[in-house]
Amino acid sequence: GNYFSDLIAQSARIMEPNGRQLILADGKHTAEEARAAIQILLDLRCDGVSIYPRFLSIAEMDEIVSQHRQPILVINRRLRLNDSSCIFSDPHAAGAAAVAYLIARGHRDIAFITGALDSPSVLERLSGYKSALAQQGIAVNEALIDEGKWHAQSGVAAVDALLAAVDRGRKGMK
């Protein structure tokens, strides 16, 4: 999606004036493929390695960072043992804050369009959404949760499905 292409383009813009090149390895869709991609970069003895690991556990990423001399930056996951080697946000708090903002403005039936449900960040945001509703005594309506797939068309489709359901009276929104 656009997020990754912007991240890669900005990384290249910063590195090239310093005489460095961006080398990419795709971890694809499994932990095994992610480990193999990381190992390729480590074997190339890159000056530094940035990883955006969807399929590796926090413990495994901590182990990778601890076992290698090359600087490794973990993006979008909070490490426990190597906190200076990661950049992260708090998706749970972000999801909760968004819902709290809407509740404070009088909304009660709040829809949530996720990204792919195999993403740790998405699951944390969804948890924040549900926590904020529960904190205000609002029952979670699973019918108001729809899955997106990291591109605009899936978001549009999810909105259309939610609105069509509202029009049919199956999902109420205020």
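The values are calculated or read from the model by the stated rules, or taken from the named source; none is laboratory data. Remember, predicted model here, so these are calculated numbers, not experimental data. Heads up, the Cβs are rebuilt from the backbone with ideal geometry, glycines too, and the neighbour counts pull from every protein chain shown. Accessible surface areas use protein heavy atoms only, side chains included; no ligands, DNA or RNA. Shrake-Rupley method; radii C 1.70, N 1.55, O 1.52, S 1.80 Å.
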Considering residues that are loosely packed, with under 14 Cβ neighbours inside 10 Å and either under 25 Å from residue 31 (Cα atoms) or touching a Pro at 6+ places or on another chain (Cβ under 8 Å) (or both), the number found within the range 102-115 is 0
Among 74, 65, the single one that is assigned to a strand (DSSP E or B) and surrounded by 14 or more Cβ atoms within 10 Å (Cβ to Cβ) is 74
By residue number, the members of the range 40-62 that are open to solvent by 40 Å² or more (accessible area, probe 1.4 Å) and either acidic (Asp, Glu) or within 17 Å of residue 29 (Cβ to Cβ) (or both) are 40, 43, 47, 52, 54, 55, 57, 60
Considering residues of the range 144-153 that are in a helix (DSSP H, G or I) and modelled with pLDDT of 85 or more only, the residue least open to solvent (accessible area, probe 1.4 Å): 144
Report, by residue number, each residue of the range 107-128 that is more than 19 Å from residue 77 (Cα to Cα) and not hydrophobic (A, V, I, L, M, F, W, C). 107, 108, 109
Criterion: assigned to a helix (DSSP H, G or I), out of contact with any Phe, Trp or Tyr (no Cβ under 8 Å at 6 or more places or on another chain), within 30 Å of residue 30 (Cα to Cα) and open to solvent by 50 Å² or more (accessible area, probe 1.4 Å) - qualifying residue of 94, 134: 94
Within the range 108-131, how many residues are among the hydrophobic types (A, V, I, L, M, F, W, C) and assigned to a loop (DSSP other than H, G, I, E, B)? 4
Residues satisfying the stated conditions in the range 9-38, i.e. part of a helix (DSSP H, G or I) and surrounded by 14 or more Cβ atoms within 10 Å (Cβ to Cβ): 11, 15, 31, 33, 34, 35, 36, 37, 38
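With respect to residue 99, determine if the residue is surrounded by 14 or more Cβ atoms within 10 Å (Cβ to Cβ), among the aliphatic types (A, V, I, L, M), within 20 Å of the chain's Cα centre (by Cα) and under 30 Å from residue 49 (Cα atoms).
Judged against the criteria, residue 99 is not a match.
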Pairing a residue in the range 31-50 that is over 12 Å from residue 64 (Cβ atoms) with any residue that is of a type in the set (A, V, I, L, M) and buried (at least 17 other Cβ atoms within 10 Å of the Cβ), where Cβ atoms lie under 7 Å and the two sit 6 or more apart in sequence or on different chains, gives 40/25
